Amino acid sequence: MAAKFLGEPSKVITGSHDRTLKIWDLRSRMCTETKFAGSSCNDLVTSDGAGSTIISGHFDKRIRFWDIRTEMSANHIMLQGKVTSLDLSRDSNYLLACVRDDTIQLIDLRMNTIVRSFSHDSFKVGCDWSRAAFGPGGRLLAVGAADGAAYVWNTHSGKLEAVLKDHTTAVTAVSWHPQSGLLASVDRAKRAVIWGDL
C-alpha cells in the first residue's frame, strides 16, 4: 500500500495490507526486517532524515509511531475512522492524516496532539487509500473526495479555500508541485487534472 525511502537510497520501508511493515535492502533485494503492526497499513512516512522514526496509518483507526531500533511501536494515536493517508510537513513538525470519518486531522508531532480538524458537509473520503497532501510551505492542504472534487483548506485558519470540480468519479490522490501552487489530482477512472496556481 505504501513505500518510502528510509534515510538512505539503499533502504526502503513498505506498509502492506498483510498488517506488516518491512524494511528492504535494495542492494541485496532482500527484506531485512519485518514489523508486525496488527492492522493493514494504508500509508507511512519517515519523520527524520536518518529514517529512524516511522509513522504508519492503519485500517484499525490508529497512527503508530515506530523506532526502527525496537520491535514494537513506541506509541499510537487513536482516531475516529480508518487512516487512509499520511503526509509530513517539510519541517517534520506536523502530520496530516486523512480519515474515513470524512475528516482531515492536523497533528502536532511535538506534542502528539490533534491541533485542527478539517471537514465540510459535502466532503466525503472516497476510498480506503485516498491521499491528502500539504502544499508547498504547508499553508494549504488538498485532498480528493467521493464527489469528484479536490478540496483545498488553509492549514492556519482552517478555512475551506477552494472546491475544484472537474472529475466525474472519486478523486483518489493529489500532489502539489514542490515550488509552485500547481496541484495535480487523479480519479478512479484514471484521469488526471492539473489545476493552476492556488
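Since every read-out is calculated from the coordinates, none of them should be taken as a lab result. Remember, predicted model here, so these are calculated numbers, not experimental data. Because the Cβ atoms are built from the backbone with ideal geometry, glycine has one as well, and the counts that use them run over all protein chains shown.
The figures follow:
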item: T169 versus R19: modelled label distance in nm, points set 7 Å from Cα along the beta carbon direction; result: 3.1
item: Ratio of Rg to Rh over the stretch 1-101 (Cα coordinates, Kirkwood Rh, two decimals); result: 0.95
item: Highest-fluctuation residue, G15, G181, G126 considered, GNM on the chain with Cα pairs under 10 Å; result: G181
item: Centroid-to-centroid separation of the stretch 9-43 and the stretch 106-133 [C-alpha atoms, Å]; result: 24
item: Net charge contributed by nearby residues that have their C-beta within less than 13 Å of L26 (K/R +1, D/E -1); result: +3
item: Greater than 24 Å apart at Cα, pairs in K35/K190; K124/K159; K124/K165; result: K35/K190
item: FRET efficiency, T70 to H156 (Cβ-Cβ, R0 45 Å, nearest 0.05); result: 0.80
item: The chain, relative contact order [Cα under 8 Å, separation at least 6], %; result: 10
item: Computed P(r) (all Cα pairs; the stretch 60-108; 5 Å bins; percent); result: 5, 20, 27, 24, 17, 6, 1
item: In sequence order, calculated HN-Hα J values of the stretch 23-38 (Karplus, 6.51, -1.76, 1.60; Hz; x Gly/Pro); result: 9, 10, 9, 6, 5, 8, 6, 10, 7, 9, 7, 10, 10, 9, 8, x
item: Neighbour cut-off at most 11 other Cβ (10 Å), DSSP loop, trypsin sites (Lys or Arg not before Pro), the stretch 1-92; result: R27, R29, R69, R90
item: Cα shape, the stretch 10-67, gyration tensor, a/c 1.5 rule; result: oblate
item: Two-site label geometry, A184 and F5: point separation in nm, points 7 Å out along Cα→Cβ; result: 1.8
item: Summed side-chain charge close to T84 - residues other than T84 whose Cβ falls under 9 Å, Lys, Arg +1, Asp, Glu -1; result: +1
item: Karplus-derived 3J(HN,Hα), 6.51/-1.76/1.60, for each residue of the stretch 158-166, Hz, glycine and proline x; result: x, 6, 6, 8, 7, 10, 9, 10, 7
item: Signed unit charges on C-beta, dipole axis of the chain, positive-most listed residue A2, V174, H120; result: A2
item: Assigned charges on the beta-carbon of Lys, Arg, Asp, Glu; the stretch 21-162 dipole about Cα centre (debye); result: 180
